[in-house]
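Following: one structure in structure tokens, then a few remarks.
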Amino acid sequence: MASTSTSNGYNAYLRQDPGRSHAEANSERLAHRRIFVGPMPERVISHGESQTNQKKKLTFGSVFSLSQEPASGGDKTEEVARLAKAHALRFFLHEGGDKADWDSLQEESTVEELMKRWKDSEWGRLWSRRYERRRGMQKSEGSLNVGAPQWVGTSFEIGDLLGVNVLQDQGHIHARGAHSIPQKPRSHSGVRPPMSAASSTGFRSFASRTEAGSSKVSHYESALDSPLYSEGFRSEYVAEEPTPASSITGLLATAPSHQDQRSKSKSQPNLQLPRPPADIPRTQSDMPVEVNAKGKGKMVHYEIAPLRENDPSSESASHPTLPEQVLQRRKSSLDNTSFAATAAATEPSIEQPASLLEDLIVNDVVLRDRMLVRVTYVKEEGITHFDEAINRTTRDVKYEAWGEFLVAWRRDSIEIYKDHNTPGKEWMSGHKHLSYVIPLLSSKTKLSLFSFVDLTFCVTCAPTTTTLIPEISRWSFSREKEGTNIFIFKVKSRSRAYDWIWRLWRSMGGRIPSALDVYNPRLDTKVTIDIPGIDAENQFDSYAIFTRKNVIDICMDSLHNVPDWKYLIDEQLKKGHSLELAWRSTANLDWIWLENDVIGRPRGWHVLCGLALRQLASKPPSLEIRMAPHSPSNVRLKNGERVEEPSSVEGYLDRIRPNSQTKQAVYLTVHHGCLYFLNPFTASPPMPPGLNPMGADNLDGEIEHFRQAEIRRGLNQIMGATATLDLRAIVAVRRAFHATAPHMHDQQAGRDDDAFLTHFTSAELATEEDEADVGGEGGLIKLHDRSKGRMRRSFELLMKTGHVIRFEAHSCRDAIEWIVRLRALILYWRQRHRTDAQQEIELAQAQRPRLTPQVRAHCEDDERPLEIVSESSSPFPAMESLYNWCILEDCKPVVKCGRLYMRKGLRGQFKLVQLTLVAGHLMRFRISGNSSIYPVMRKKFNLLDAYVYSGLLAEQCLPKGQYNPNAAPAPRRYQDGLETEDREEDMMFMIWYRSQPQMFDANQDPTTAPTPARSVPGLSAKNKVLIFKTRSMLERDAWCWAINAEIEKIVRTQKSREEKLRETGNLVSLTQ
């Protein structure tokens, strides 16, 4: 029998994707493409039409669906032509055209091509036939539903419109973007950022290179061949002139282009920077050191190019602001800047310096929040620093259980309140019960960072007896006993914890260093920026200088002269990536991404607040400038082939039960490497071509709305899933060749070898019989053997457990498409997880020596080469994968997912679950040893009013007998090669939460939709605890960071509710 090939494997089916051009085949923007396979039920089309017809404005749906009543506009040819003409240039540029070639003839040709493309498409012909059929039925029978087909349409790419995928025009999808930082395009090669560290601020910026720089160049150059981890933002810099209302006035000056600077550097090779004022101390890195031509010197002093002397565009460009002028500025001098305008509108958010705390009015509150507090007492005195490591070695520690308290900072003390035990007493007394008062002016009161992972901080003080003196509106403290009281605070919001630490540290005498070091691990270089003295008079200027954008621009301006910049940074910037700032402690990254506080007021110390941690932590974090990675979208196989992330797939199928051979309608969809099972009646399918709600007047706004709608649709699918299946658990995908579905199979799970690649990249041939299958019952009626026809429409998933899962598609062609696309997804996600595991192993080995030494064949012990241990400060790809920006910006419906051991409550047995973090909720899928499909567990945990803490704080919550602090760490080796020797507490984290209603659809997402704050729980309201165990400390830290980021979004969305939580309950009045 003659046969025709409909697919040449993975690469062939990618080429068949609708609207996918050859230039896009290697683009990282394809990471979020989705394909709907097969036809749709008629009811879905009718429902989509009813939703579209409710819109009164001209839309793509109303124009291209051709599904309106005949009296409402015919075939709308004129509207289609007008819409295509309005946006012809967009499509022309998308297809690779040059704007210089655009003219009236090209416009006419593009419009004709768009119209022809739509009319010749399968969905275009389908809508035309459907319109004619419905019009005829309306005239003859008066009903639009008589004889309507049950299934309509063919496969299509979601978001495809006239051959162009509108969801892929701008890279990563920022769907729930209320929390995303508005990114101003960064500059890259060819254009300098509009800031010179020497001329615009009067402060110097230096880049220093370590001695190991020469040995690391080859390592970094080889990293260029590794997968790219970010789609990122656009990098084209748009030059802007400073305006009187701009926050960069007097700070940023227009800099010449790179070409002009290179020409000037040749004519002025010995150009020196202006000497700083004498009152600004110099750091050791300020001293210039010579460097050879190959860039292998010990330290490098890169001079900043001068400003143009005769630049009439800006007065500040020819007369740079001197440091003395900056330091002498007053608040009134900033009245014309956007910073001052914002500060004036939100005056309470400006930090009160230590010198002004005495001027606060009686009963004024500096900060006030609900937070978890643990009170601890030790007999030892003189404790000036207390953190997790010291807590492990401190004897006779007496501590109370976690509790939620109301913490208020007033003048020179911190007051800790809780609910009264006696009902009605708060109403009688007029305030909550005052439990503790911490004196801040005492020399024995110290502030420390307890844990960087949780950002918990502690205040140590001497035990005192507190007495209120109303005459002077102050607390009187008298020594009660020996020892030290330790108060550990856990704030719900991580950014709010930074605010507490920074302002407490400043009020207790914390001194800001004279310079800020910003490291770039990829270039192995640091930039040193001088910091002026920040006091009550110049804090506005200083905060305006050290914003996130300004610091990044200063670093880019300095690092541009590093020899490896072009190959390691500039190439990434040209691809759309961006540079961002992050505080790093060992293997933990904390990105600087929030410039306003939880109320929405500016926090000028959002960059400098990490300096407090450097002096309060036993392991000081470092500030780094590094690429802002998004979730990886490609991977390399062992043979060196680079594989892009295939398009995800979804659609309607029938599952064939092996015992009864009965059909079960099911909707399958792939998200984040998992195959989800949904009820077909509540599956939230995509809108087909012709019903996309794209407006003709504001196409950009409608596209962004469509992006957000797609993310919400994905949320609804995952939250409504009945079960899931890990794609890595699939051994093979094959076409059915038995009339009855088998129970088990005997095929072994293959490794990443030639046989494995051959199966998952092999072509699936379609015969003439397959091509003749029209699908549905109509196709089966034409066959003599119905059972054989159903078999040819079926495909099977062979699982690692030995089970076989069979599905039946609508037609043979749909079954072949499912097979090819699933094979491509399985191949990618297997290698994706393998690569992630290998990168995690490398990161773990950088923290401690390898547990199992490498054994080399045919090598004597004395000839064995020394194993090179990477430095923990190296730019490990695992950190970019674990702490990617998709978690912060919600580029995908799934924030994070993985396997963990979980237990509800303090007692019981840990169970292995597939945990999914999505839309401010934690979803669980039960994993059992013999089951290939993981059913969903009914309860979903809302993270509203939730706290996350880990490590020793979590272990101390366990009942007696469940935790042995003296137990030696047990070495562990897992199947993927990961070796760990972490303590039990280092692999554990807890979630303290209160039961909240779980959302039913994406419109109730707590990270985007405010919850009505009719009533808020009291401090003593009942709470529950979830306990999780991971494989390693690295995984635990990544989970804590992701959950904390999701809680941060909830806190910022629920502003009114959080404000009500903070303000509920009166404080003790300090006056009579």
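The values are calculated or read from the model by the stated rules, or taken from the named source; none is laboratory data. Since we're looking at a predicted model, the values are computed, not measured. Don't worry about glycine lacking a Cβ; one is built from the backbone with ideal geometry, like all the others, and counts go over all protein chains shown.
SER631 falls short on exactly one of the conditions (1) in contact with a strand residue (DSSP E or B) (Cβ under 9 Å, 6 or more places away or on another chain); (2) of a type outside the set (A, V, I, L, M, F, W, C); (3) within 23 Å of HIS32 (Cβ to Cβ), and that condition is (1).
Test TRP829 against the criterion of being crowded, with 21+ Cβ neighbours inside 10 Å, farther than 17 Å from ARG734 by Cα and modelled with pLDDT of 90 or more, and give yes or no. Yes: the conditions hold for TRP829.
Scoring LYS481 on the criteria (1) over 29 Å from LYS1049 (Cα atoms); (2) touching a residue at least 60 places away in the same chain (Cβ under 8 Å) leaves a single failure, condition (2).
Considering segment 592-645, the residues that are more than 18 Å from ARG506 (Cβ to Cβ) and β-branched (Val, Ile, Thr) include one that is surrounded by the fewest Cβ atoms within 10 Å (Cβ to Cβ), namely ILE599. Where helices (runs of 4 or more DSSP H) sit wholly within segment 519-616, those with at least 2 residues that are in contact with a Phe, Trp or Tyr (Cβ under 7 Å, 6 or more places away or on another chain) occupy 539-545, 548-559, 610-616. The set of residues from segment 645-683 being in a strand (DSSP E or B) and of a type in the set (D, E, K, R) comprises GLU650, ASP654, ARG655, LYS663. Note on segment 367-468: enclosed strands (runs of 3 or more DSSP E) holding 2 or more residues that are of a type in the set (Gly, Ala, Ser) are 403-410, 446-451.
When segment 650-667 is limited to residues that are surrounded by 22 or more Cβ atoms within 10 Å (Cβ to Cβ) and not aromatic (Phe, Trp, Tyr), the one that is nearest to the chain's Cα centre (by Cα) turns out to be GLU650.
If we scan segment 660-673, do we find a residue that is of a type in the set (D, E, K, R), in contact (Cβ under 8 Å) with a residue 40 or more places away in the chain and more than 30 Å from SER787 (Cα to Cα)? Scanning segment 660-673 turns up no residue that is of a type in the set (D, E, K, R), in contact (Cβ under 8 Å) with a residue 40 or more places away in the chain and more than 30 Å from SER787 (Cα to Cα). Taking the options THR346, THR376, THR456, THR445, name whichever one is at pLDDT 90 or above, β-branched (Val, Ile, Thr) and in contact with a Lys or Arg (Cβ under 6 Å, 6 or more places away or on another chain). Exactly one of THR346, THR376, THR456, THR445 is at pLDDT 90 or above, β-branched (Val, Ile, Thr) and in contact with a Lys or Arg (Cβ under 6 Å, 6 or more places away or on another chain), namely THR456. Annotation: of all residues in segment 782-814 being aliphatic (A, V, I, L, M) and assigned to a strand (DSSP E or B), the one that is farthest from GLU769 (Cα to Cα) is MET799. Scanning segment 912-933 for residues that are out of contact with any Cys (no Cβ under 9 Å at 6 or more places or on another chain) and not β-branched (Val, Ile, Thr) turns up LEU912, ALA919, GLY920, HIS921, LEU922, ARG924, ARG926, SER928, GLY929, ASN930, SER931, SER932. Could you tell me whether ALA968 is under 21 Å from SER451 (Cα atoms), out of contact with any Pro (no Cβ under 9 Å at 6 or more places or on another chain) and among the small types (Gly, Ala, Ser)? No; evaluated as a whole, the condition is false for this residue. Name every residue in segment 963-975 that is surrounded by 11 or more Cβ atoms within 10 Å (Cβ to Cβ) and free of Cβ contacts under 8 Å to residues at least 24 places away in the same chain, in order of residue number. Scanning segment 963-975 gives TYR963, PRO969. Only residues that are hydrophobic (A, V, I, L, M, F, W, C), crowded, with 18+ Cβ neighbours inside 10 Å and in a loop (DSSP other than H, G, I, E, B) were counted across segment 979-1009, and they come to 1. The residue pairs whose first member lies in segment 389-414 and is surrounded by 14 or more Cβ atoms within 10 Å (Cβ to Cβ), whose second member is of a type in the set (D, E, K, R) and assigned to a loop (DSSP other than H, G, I, E, B), and whose beta carbons are closer than 8 Å, counting only pairs six or more residues apart or on different chains, are THR394/GLU380; LEU406/LYS432; ARG410/ASP364; ARG411/ASP364.
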